[in-house]
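**Q** Got a structure here, written out as structure tokens. Questions coming.
The values are calculated or read from the model by the stated rules, or taken from the named source; none is laboratory data. Not measured: the values here are computed from a predicted model. Cβ placement follows ideal geometry from the backbone for every residue including glycine, while neighbour counts extend to all protein chains displayed. Ligands, DNA and RNA are stripped out before the accessible areas are found, and what is left, the full protein with its side chains, is counted by its heavy atoms. Shrake-Rupley method; radii C 1.70, N 1.55, O 1.52, S 1.80 Å.
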Amino acid sequence: EPAPPAGAHAATGPWGASESPRRPGPGAGRAAPPLPPPPPPSAGHAFFRLPQPGLGPGLPKKDRTDANVRMAVTVEEAPWLGWIVAKALMRFAFMVANNLVAIPSYICYVIILQPLRVLDSKRFWYIEGLMYKWLLGMVASWGWYAGYTVMEWGEDIKAIAKDEAVMLVNHQATGDVCTLMMCLQDKGPVVAQMMWLMDHIFKYTNFGIVSLIHGDFFIRQGRAYRDQQLLVLKKHLEHNYRSRDRKWIVLFPEGGFLRKRRETSQAFAKKNNLPFLTHVTLPRFGATNIILKALVARQENGSPAGGDARGLECKSRGLQWIIDTTIAYPKAEPIDIQTWILGYRKPTVTHVHYRIFPIGDVPLETEDLTSWLYQRFIEKEDLLSHFYKTGAFPPPQGQKEAVCREMTLSNMWIFLIQSFAFLSGYLWYHIIQYFYHCLF
């Protein structure tokens, strides 16, 4: 640091004024003789600044300014932070109240409709599916009103909403499930006739009882449980998929969150001379293999039914489509379920990309299916790399520009299903209270 000009030490002292607190003497009006500049710092000598009032010793002027600015910003942001906390508490309180009325009401309706299940099973599961869709719509509304919206890319999956399909989705955080609950709400009967394959830990959440009634499958992860779980999955599909008129299955083939499986997947890829992936992990093929073998209808010659037609006129029984679904978050920062509920993160647009494959193009033999799945996730890696670099997914092959579609929810529809949930809760509370007083 350059030395101060001559005389500077005579004008400024530790108190920021006169060097000496004594009153000036007779020669005060004359200029003081220049003092020699202080010696430059040398090895073994620490150089420091004199302290000033209210500031730490030796704090540079620039750092003092930054410190003051940071303090001012913190004070100015206090009301905003307070509002974020208050809003999160209000959202959490509403979510708890919503669950306390909606889930018990769903269970009560299912119980009282059991005679219909015996008389007309198809109609019973149709009504149950509608209520299931409304519950998922309530979950979607929590993110919708927090500003967590969805932009859709690729092929339009509404065209195959009435056909049977499997969605293969990459998995980054718990918010992936909420994102799918939102973006599938406007796809006709899909949500009502959907079956989820999810980790067994979700069985013990507040929504677990609803998923059990609906017929979702909870799979236990781990090598020790793998073979047994695949057998249980096969039996579950045989007993619950067709009998409950299910059409779509949502599957996360990676078998866990990206952050938990990435290192293991990369080590496996290195050992087996497979591509090194960073935005996705190599998928596990066991559940996909079981689903295809159980649900793909076969023609007399043994080839899969479904054909290559994309129109709704395709009426072949059995699984007809594979929907390769890729979820991307801005800056690769996924949304978790806590953020979805509390809404403390700024409004975010999640991007979802779809590609549709006819089941006739999907190999059913184990080795070929494994290679086919690996190829899909290698392509997911390329899609996500392009998205994180450009902020958009690449255009489909043969097109110059990618087109995205904004997914929207109807505010009136959300208001109606929320009102129905609270009115149902009020109704069932009084019914149960009446019978309780009659019995006791």
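**Q** Which count do you get for residues in segment 346-362 that are within 11 Å of residue 157 (Cβ to Cβ) and among the basic types (Lys, Arg)?
**A** 1
**Q** Being over 29 Å from the mean Cα position of the chain (by Cα) and more than 21 Å from residue 184 (Cα to Cα) is true for just one of 435, 377. Which residue is that? Outline the logic, then answer.
**A** Working: 377 fails: over 29 Å from the mean Cα position of the chain (by Cα).
The match here is 435.
**Q** What is the residue count in segment 245-272 for residues that are open to solvent by less than 30 Å² (accessible area, probe 1.4 Å) and in a helix (DSSP H, G or I)?
**A** Keep residues of segment 245-272 that are open to solvent by less than 30 Å² (accessible area, probe 1.4 Å), which gives 246, 248-256, 258, 265, 269.
Then drop every residue that is not in a helix (DSSP H, G or I), which leaves 258, 265, 269.
Looking only at that region, the number is 3.
**Q** List every residue pair whose Cβ atoms sit under 8 Å apart, with the two residues 6 or more apart in sequence or on different chains, where the first one lies in segment 364-387 and is of a type in the set (Val, Ile, Thr) and the second, anywhere, is open to solvent by less than 70 Å² (accessible area, probe 1.4 Å).
**A** Here the result reads 366/289; 378/275; 378/277, each pair linking segment 364-387 to a residue that is open to solvent by less than 70 Å² (accessible area, probe 1.4 Å).
**Q** For segment 187-209, give me each residue that is in contact with a helix residue (DSSP H, G or I) (Cβ under 8 Å, 6 or more places away or on another chain) and open to solvent by 20 Å² or more (accessible area, probe 1.4 Å).
**A** 188, 189, 193, 198, 202, 203, 206, 207, 209 - these are the residues of segment 187-209 that are in contact with a helix residue (DSSP H, G or I) (Cβ under 8 Å, 6 or more places away or on another chain) and open to solvent by 20 Å² or more (accessible area, probe 1.4 Å).
**Q** Can you name the residue in segment 184-236 that is of a type in the set (D, E, K, R) and part of a helix (DSSP H, G or I) and is also modelled with the lowest pLDDT among such residues? Steps first, please.
**A** Of segment 184-236, the ones of a type in the set (D, E, K, R) are 186-187, 199, 203, 216, 220, 223, 226-227, 234-235.
Now restrict to residues that are part of a helix (DSSP H, G or I): 203, 226-227, 234-235.
On the way: 203: 81, 226: 77, 227: 80, 234: 92, 235: 93.
Looking at residues that are of a type in the set (D, E, K, R) and part of a helix (DSSP H, G or I), I get 226.
**Q** Let me ask another. Among the residues of segment 126-160, count how many are over 26 Å from residue 346 (Cα atoms), surrounded by fewer than 19 Cβ atoms within 10 Å (Cβ to Cβ) and either in contact (Cβ under 8 Å) with a residue 40 or more places away in the chain or in contact with a Gly (Cβ under 8 Å, 6 or more places away or on another chain) (or both).
**A** Number of matching residues: 6.
**Q** Would you point out the residue of segment 335-352, among those that are in contact with a Gly (Cβ under 6 Å, 6 or more places away or on another chain) and not hydrophobic (A, V, I, L, M, F, W, C), that is surrounded by the most Cβ atoms within 10 Å (Cβ to Cβ)?
**A** Only one residue tops the list, namely 336.
**Q** For residue 331, are the conditions met, namely being of a type outside the set (Asp, Glu), surrounded by fewer than 15 Cβ atoms within 10 Å (Cβ to Cβ), within 27 Å of the chain's Cα centre (by Cα) and not in a loop (DSSP other than H, G, I, E, B)? Step through it out loud before you land on a result.
**A** Details: of a type outside the set (Asp, Glu): yes; surrounded by fewer than 15 Cβ atoms within 10 Å (Cβ to Cβ): yes; within 27 Å of the chain's Cα centre (by Cα): yes; not in a loop (DSSP other than H, G, I, E, B): yes.
Yes.
**Q** Right, next: Scan segment 278-290 for residues that are farther than 14 Å from residue 255 by Cβ and buried (at least 19 other Cβ atoms within 10 Å of the Cβ) and report the count.
**A** So in segment 278-290, the residues farther than 14 Å from residue 255 by Cβ come out as 278-279.
Now narrow it down to the ones that are buried (at least 19 other Cβ atoms within 10 Å of the Cβ): 279.
Total satisfying the criteria: 1.
**Q** Inspect segment 380-387 for any residue being surrounded by 15 or more Cβ atoms within 10 Å (Cβ to Cβ), assigned to a helix (DSSP H, G or I) and of a type in the set (Phe, Trp, Tyr) and give the result as yes or no.
**A** Yes, segment 380-387 contains at least one residue that is surrounded by 15 or more Cβ atoms within 10 Å (Cβ to Cβ), assigned to a helix (DSSP H, G or I) and of a type in the set (Phe, Trp, Tyr).
**Q** Test of understanding: among 423, 319, which residue is part of a helix (DSSP H, G or I) and either over 20 Å from residue 259 (Cα atoms) or open to solvent by less than 10 Å² (accessible area, probe 1.4 Å) (or both)? Before you say what the answer is, go through the steps one by one.
**A** Numbers: 319 fails: part of a helix (DSSP H, G or I).
Only one candidate qualifies: 423.
**Q** What number goes with the only condition from (1) small (Gly, Ala, Ser); (2) modelled with pLDDT of 95 or more; (3) open to solvent by 10 Å² or more (accessible area, probe 1.4 Å) that residue 302 does not pass?
**A** (2)
**Q** Cβ-Cβ under 7 Å, sequence separation 6+ or interchain: first residue in segment 178-189 and farther than 23 Å from residue 334 by Cα, partner part of a helix (DSSP H, G or I) and open to solvent by 10 Å² or more (accessible area, probe 1.4 Å). Which pairs?
**A** 187/158; 188/158
**Q** Report, by residue number, each residue of segment 269-286 that is at pLDDT below 90 and aromatic (Phe, Trp, Tyr).
**A** 285
**Q** Also, I was wondering about something else. Can you tell me which residue among 364, 373, 409 is in contact with a helix residue (DSSP H, G or I) (Cβ under 7 Å, 6 or more places away or on another chain), part of a helix (DSSP H, G or I) and open to solvent by less than 80 Å² (accessible area, probe 1.4 Å)? Before you say what the answer is, go through the steps one by one.
**A** Working: 364 fails: part of a helix (DSSP H, G or I); 409 fails: part of a helix (DSSP H, G or I).
Residue meeting the stated conditions: 373.
**Q** A further question follows. I'm checking my understanding of the structure. Among residues of segment 388-406 that are more than 23 Å from the chain's Cα centre (by Cα) and open to solvent by 70 Å² or more (accessible area, probe 1.4 Å), which one is nearest to residue 145 (Cα to Cα)?
**A** 401
**Q** Just checking, which of 355, 310 is more than 26 Å from residue 146 (Cβ to Cβ) and either modelled with pLDDT under 90 or surrounded by fewer than 14 Cβ atoms within 10 Å (Cβ to Cβ) (or both)? Steps first, answer last, please.
**A** Working: 355 fails: either modelled with pLDDT under 90 or surrounded by fewer than 14 Cβ atoms within 10 Å (Cβ to Cβ) (or both).
When all the criteria are applied, what remains is 310.
**Q** While we're looking at this one, here's another question. For residue 162, which of the numbered conditions (1) within 29 Å of residue 358 (Cα to Cα); (2) out of contact with any Lys or Arg (no Cβ under 9 Å at 6 or more places or on another chain) fails to hold?
**A** Here residue 162 clears every test but (2).
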